[in-house]
Amino acid sequence: MSVRPDHWIRKMSLEHGMIDPFVERQVRNDEGRHLISYGLSSYGYDLRVADEFKVFTNVYSALVDPKQFDEKSFVDIKTDVCIVPPNSFALARSVEYFRIPRDVLTICVGKSTYARCGIIVNVTPFEPEWEGHVTLEISNTTPLPAKIYANEGLAQVVFFGADEPCEISYADRGGKYMKQRGITVPRI
């Protein structure tokens, strides 16, 4: 496996719709307003977080169970700035829709700007031939409320190309998160 460079990511996105919408360069400001960067980087792509969030709450004393997920465990918020409570967690989704080629696997890691503030972003790998909006897991590890800025960078996707395509892809297996739109909660 080898890491795929910017020119490969650009070609796959423009010619094959791998990332949609695709931003061909790093964007750091907009009309003088400083942003947390997003777009194409040297060996990856900095995705943006959309303005939809599911912030976990204990208002209804729900239990978090991945086999029987109770939607009362969070509140839905649509906002330009999401406040994640201290020592809490939120789900969000990427602005971008991804279509991963059969010979590619990705990993996605949080951006250093958030990491240096105690905000951890977790995303599982995008498997070969998976497609959809990325559900983003955001943890506020601090004892203070934390701001997450919608439509700005949150995590970087790194693309790894295999020497040959996999035998069975995510699409072949009929993966349960295939073609997800919006924020997708756990499925069994």
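The values are calculated or read from the model by the stated rules, or taken from the named source; none is laboratory data. In this text, all values refer to a predicted model and were calculated from it rather than measured experimentally. All Cβ positions, glycine included, derive from the backbone under ideal geometry; neighbour counts span all protein chains shown.
Among the residues of the range 112-126, count how many are part of a strand (DSSP E or B), modelled with pLDDT of 95 or more and closer than 17 Å to residue 90 by Cβ.
Residues flagged as part of a strand (DSSP E or B), modelled with pLDDT of 95 or more and closer than 17 Å to residue 90 by Cβ within the range 112-126 amount to 3.
Could you pull out every one of the strands (runs of 3 or more DSSP E) wholly within the range 127-188 that has 2 or more residues that are β-branched (Val, Ile, Thr)?
131-140, 153-161
Are there strands (runs of 3 or more DSSP E) fully within the range 33-108 with at least 2 residues that are out of contact with any Lys or Arg (no Cβ under 8 Å at 6 or more places or on another chain) and closer than 14 Å to residue 182 by Cα? List them.
Because the criterion is at least 2 residues that are out of contact with any Lys or Arg (no Cβ under 8 Å at 6 or more places or on another chain) and closer than 14 Å to residue 182 by Cα, the strands (runs of 3 or more DSSP E) in the range 33-108 that meet it are 44-56, 88-99.
Being surrounded by fewer than 19 Cβ atoms within 10 Å (Cβ to Cβ), under 28 Å from residue 185 (Cβ atoms) and among the aliphatic types (A, V, I, L, M) is the requirement here; does residue 75 meet it?
yes
For the range 1-27, which residues satisfy the criterion of being among the charged types (D, E, K, R), surrounded by 13 or more Cβ atoms within 10 Å (Cβ to Cβ) and touching a Leu at 6+ places or on another chain (Cβ under 8 Å)?
Within the range 1-27, 6, 10 qualify.
Using beta carbons and a limit of 8 Å, which pairs, at least six apart or on different chains, have the first residue in the range 20-37 and in contact (Cβ under 8 Å) with a residue 60 or more places away in the chain and of a type in the set (A, V, I, L, M, F, W, C) and the second one in a loop (DSSP other than H, G, I, E, B) and surrounded by 13 or more Cβ atoms within 10 Å (Cβ to Cβ)?
Correct list of pairs: 35/152; 36/111; 36/152.
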